[in-house]
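The values are calculated or read from the model by the stated rules, or taken from the named source; none is laboratory data. Predicted model, so just to flag it, every value in this text is computed and none were measured. Using ideal geometry, Cβ is built from the backbone for each residue, glycine included, and neighbour counts are taken over all protein chains shown. In case anyone asks, the SASA skips ligands and DNA or RNA and just uses the protein heavy atoms, side chains included. Shrake-Rupley method; radii C 1.70, N 1.55, O 1.52, S 1.80 Å.
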Amino acid sequence: MATKEEKKRLFMRNAIINALFIASWFLFALVLSLYNKWMFSPEHFGFPYPLFVTMLHMFVQFMFAAVMRFGWPRHFRPDNSPSSADYAKKAAPTAVTTGLDIGLSNLSLKTITLSFYTMCKSSSLIFVLIFAFLFRLEEFSIRLIAVIFLIFSGVLLMVATETHFVLPGFILVLSASALGGLRWSLTQVLLRNKEMGLNNPAATIFWLAPVMGLTLAVISAILDPWSTMFQSHFFAGTGETLRTLLLLFLPGILAFSMVLSEYYIIQRTGVVPMSIAGIAKEVATITVSAWFFGDELTPLNITGVAITVCGIALFTYHKYSKSVGSSVPLDAHGNPITEGDEGREDGYQLQLESMPLVSHPADFETDRPRRASRDSFEERRPSAEVRQEVLFDLPEDDLLFSDGENRPPASRLPH
């Protein structure tokens with residue numbers, strides 16, 4: 001069991017590492033947002049098909065994940081792979097949910113203003129918390145619920161503005177928020193699944209991105225008429241087509257880097273901290289826009305920013321006190337080790353005592369020098385009778401296993 005001081009050091013170490021991942025996510029998301037603003041703005045490139053672009057980015061992510069998987073298999077290719085049944089029941093629904101979240105969000109923007117969309121989409125934090133409780137990704141806590149609702153109210157005030165209420169758009173964006181909360185929780189569940197080989201972010205992207213791309217392709221074909229798109233001036237002639245495809249595919253590299261950072265954050269911290277980090281990014285964006293670009297903030301907006309910052313600070317303190325005050329072993333990320341995680345290699349406290357001292361006479365072979373060649377090993381290897389005789393000479397008290405009880409006499413040990 002880690003001491004309180006060790007837990008504090010572990011928390012600070014992981015806080016620094018997580019901050020670096022969050023900073024990289026901020027950077028990639030910011031650059032991608034600026035690029036998309038240039039790409040979709042009528043005053044600049046003016047490509048009016050965002051779903052089609054996002055679909056292409058999914059396949060770019062798949063290609064880069066495949067390169068990492070086959071180029072550096074030791075780091076990005078887990079030993080296991082999902083079976084057909086597991087893929088259909090667990091991985092595919094996560095990918096489809098992600099595609100629907102993106103599709104409904106874009107569809108809602110056709111009927112409501114961006115400010116109203118942002119206000120409604122902030123409810124995704126509530127859905128993230130609900131699904132985190134349902135999937136037991138977060139321990140139920142009244143204090144955590146209060147902090148989340150404080151942040152939620154701050155976000156509402158932060159983006160509050162006079163806007164026209166549109167019921168169909170409201171239903172679409174609320175559905176997208178619910179799907180967003182569900183897909184992030186499902187993603188965290190997959191990132192914990194070693195049996196399916198999805199406990200590596202690059203592997204998760206490799207298996208999920210194709211289905212995400214196909215889901216978005218269907219939605220894009222419905223909402224963005226492809227016949228009209230391919231007959232536009234963006235694809236008029238070979239030169240213009242190549243230029244358009246290059247400008248569409250290039251940001252896929254940024255999208256891959258951003259999603260990879262997201263998955264590492266989820267794997268290390270969980271979906272709720274990831275969502276809080278997203279809110280912090282919005283606060284930073286609004287603050288920078290007001291400071292450098294002169295965007296006007298009303299007193300109500302400024303109050304919302306202050307409340308949100310206070311909520312984020314309280315959430316950070318909640319995670320710190322929970323980590324330091326935990327009475328269970330912690331993994332390398334500062335999270336409590338659950339019953340199914342005991343003995344895993346990334347644990348802060350490996351359960352080495354669960355390894356039996358003696359389980360089979362053949363186990364004595366491992367005591368020989370490893371540098372000996374296989375031939376010399378076989379020459380010096382004692383016969384089965386000698387090995388059994390050695391085992392039988394051991395006192396019964398030495399035959400202790402992980403349960404702390406003695407096994408039957410050596411004569412009844414399996415041979």
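The Kirkwood hydrodynamic radius of segment 158-218, based on inverse pair distances between different Cα atoms, is 14.2 Å.
Taking all protein chains into account, the per residue accessible area for segment 1-78 stands at 59 Å² (1.4 Å probe). Rolling a 1.4 Å probe over the heavy atoms of the protein chains gives segment 169-275 an accessible area of 37 Å² per residue.
Starting from segment 139-238, pick out the chymotrypsin sites (Phe, Trp or Tyr not before Pro) whose DSSP state is loop and whose Cβ has at most 13 other Cβ atoms within 10 Å.
Here the chymotrypsin sites (Phe, Trp or Tyr not before Pro) that fit, given the DSSP loop and packing criteria, are Phe140, Phe165.
Simple point charges give the picture: +1 on the Cβ of Lys and Arg, -1 on the Cβ of Asp and Glu, and for segment 1-93 a dipole about the Cα centre of about 420 debye.
Report the local net charge at Ile266: Lys and Arg +1, Asp and Glu -1, summed over other residues whose C-beta lies under 13 Å from its C-beta. Walk me through the intermediate numbers first.
Working: positive: Arg183, Arg192, Arg268; negative: Glu138, Glu262.
Here the count lands on +1.
When all alpha carbon pairs of segment 1-130 are counted in 5 Å bins from zero, the resulting P(r) reads 2, 7, 8, 14, 18, 16, 14, 11, 6, 3, 1, 0, 0 %.
With all protein chains present, how much of the accessible area of segment 44-93 (probe radius 1.4 Å) comes from carbon and sulfur, to the nearest whole percent?
Result for segment 44-93: 61 percent of the exposed heavy-atom area is carbon or sulfur.
Here the 3J(HN,Hα) profile of segment 244-251, calculated from phi with Karplus coefficients 6.51, -1.76 and 1.60 at θ = phi - 60°, is 4, 5, 4, 5, 7, 7, 4, x Hz, Gly and Pro shown as x.
Might you report the magnitude of the Cβ-based charge dipole of segment 101-210 about its Cα centre, with Lys and Arg at +1 and Asp and Glu at -1, to the nearest 20 debye? Each step should come with its number before you reach the end.
Working: 7 positive and 5 negative charges, 25 e Å.
Once rounded to the nearest 20, the dipole reads 120 debye.
Can you work out the FRET efficiency for the pair Tyr320 and Ser33, with r the C-beta to C-beta distance and R0 = 25 Å, to the nearest 0.05?
Working: r = 30 Å, r/R0 = 1.22.
The calculated FRET efficiency here is 0.25.
Taking each pair of distinct Cα atoms in segment 257-314 once, what is the resulting Kirkwood hydrodynamic radius in Å? Don't skip to the answer; put the middle values down first.
On the way: mean 1/r = 0.0788 Å⁻¹.
Computed over Cα pairs of segment 257-314, the Kirkwood hydrodynamic radius comes out at 12.7 Å.
Shown here: segment 183-225, whose C-alpha atoms stretch 41, 18, 13 Å along the first, second and third principal axes, sorted largest to smallest. Arg143 to Glu6: FRET efficiency via 1/(1 + (r/R0)^6), r the Cβ-Cβ distance, R0 25 Å, to the nearest 0.05? Efficiency, from the Cβ-Cβ distance: 0.55.
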